[in-house]
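All of the numbers you see were taken from the coordinates with simple rules; none came from a lab. Keep in mind that this is a model prediction, so the values were computed, not measured. Glycine also receives a Cβ, built like all others from the backbone with ideal geometry; neighbour counts cover every protein chain displayed.
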Amino acid sequence: MTVFAENRPLLDAFRRGDRTALSTVYFHYVDDIAALVRNGFSLPATGARVRGASDDQTLRDIVQDVFTRAFAPRARDAYDGIRPYRAYLRRIARNLMIDRARASDATIPLDSGDGEFVIEPEAPEVDSAWLAERRETAAYVAGLAPELQRLVKLRFEDELSQDEAAAALGVSRRRVRTLEARVERGLRHALRRAGLWQKHRP
Amino acid sequence: MTEPSRLLAGRRGLSRPEKEAILARVLAGVAPRRRWGRRLALGAIAAAAAAGLLVVLPASPRDELTARGGGRVAGFEVTCVPAPCAAGSKLVFDLTATDGAAYFAAFASRGDTRIWYFPNAPRARSQAVPPGGGVLDTGIVLGPEHTPGDYVIEGVFSAEPLDRPAIRARIERGGAIVTRRMVVR
């Protein structure tokens, strides 16, 4: 069932390019698309495998490209609100990733463009670097003032918007933005002190 | 090295701030805000830049500092001309509100690296701003010091002109700063 199911006003607003509607659709599907882009997929028909994004910037770039294409005026107009939208987004992501893979490694069969594909499972999070960074992050958060700890919970763990977090904390959105930047900056300092953050990080 | 916002979330997938940043760029491309006055002003800035009439300052050399601070301050937005932000783009500042401040300082941070925009020189002072804000007529050329990646642009509004030591001192005291994100391709 798509996000538009039994929600004609959302579909109409989406087609008009209403920013709130576009945001609703984006947040409904972004995790699924990001997982696909991060993990990669295989093409059973050919046996080919397309690896996931190699770094954070590539991941963000591909996710942005997927939604930019899907939300373009012509694409919005062409969508009927009935066809599975998740599959549509996944197909855009898959094609973008195949194009990128071909650009760097021409081993993806040319006839793989329209076939079925299988998303690779999430890799187990057991690498020592992540665990060390998480330990240091937990220690850093434990030392924060209560207001900042609550901000971390609301904004990062619970993924509330800045407006929602501001309402929950009883402060302005601007205050949330400022505190958020302070928390991230403080974490970078903590990680650097622990030898886990490199200067001039690429 | 993991993105700090993901560490704070405790998950390796995109964090909420990352998702919001991506969405902002998507919307900027497919459903830009209808802020005609500002768009016209930015268009005029772009035209002026193209005609060589815009005062363009090179970004000053890197300065590695420790910055801390927070509080309520006025706001600003940044736009790259042309978009997306990349070496050679001109960074245009649109002060959306000043809270009565008459001067504005700004710099970009990425990790330990700080790149000063206003003031542009070590002995210079912060930029005078139009009453109530608006688009600054001074753009910043993104030079090679802006390696691709995520930057946080921090702005400091003040009633009086500030030099860099005064800005640092204000931040160290927990003075008000406003932050925006910029992704350089």
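Listed peptides B:3-12, A:65-74, A:82-91 appear in the order B:3-12, A:65-74, A:82-91 once ranked by packing, highest mean of other Cβ atoms within 10 Å at the front.
In whole Å, what is the distance between the alpha-carbon centres of segment B:79-95 and segment B:134-182? Using only Cα atoms to place each centre, the spacing works out to 15 Å. Max-minus-min Cα coordinates of segment A:8-119 on each principal axis give 44, 28, 20 Å, with the largest extent listed first. The percentage of C-alpha pairs in chain A whose separation is greater than 21 Å is 65%. Projected label points at A:R173 and A:A78, each 7 Å from Cα along the beta carbon direction, are separated by 3.3 nanometres. Note that segment B:72-177, at 37 °C in a medium of 0.692 mPa s, gets a Stokes-Einstein diffusion coefficient of 235 µm²/s from its Kirkwood radius over C-alpha pairs.
Calculated translational diffusion coefficient of segment B:93-151 (20 °C, 1.002 mPa s; Stokes-Einstein with Kirkwood radius over alpha-carbon pairs) equals 169 µm²/s.
Once the Cα atoms of helix A:173-193 and of chain A are each reduced to a long axis, what angle between those two axes, in degrees from 0 to 90 to the nearest 10, is obtained? With rounding to tens, the tilt is 80 degrees. For segment B:123-153, backbone nitrogen atoms closer than 12 Å to the point 7 Å from B:M1 Cα along Cα-to-C-beta are found at B:150.
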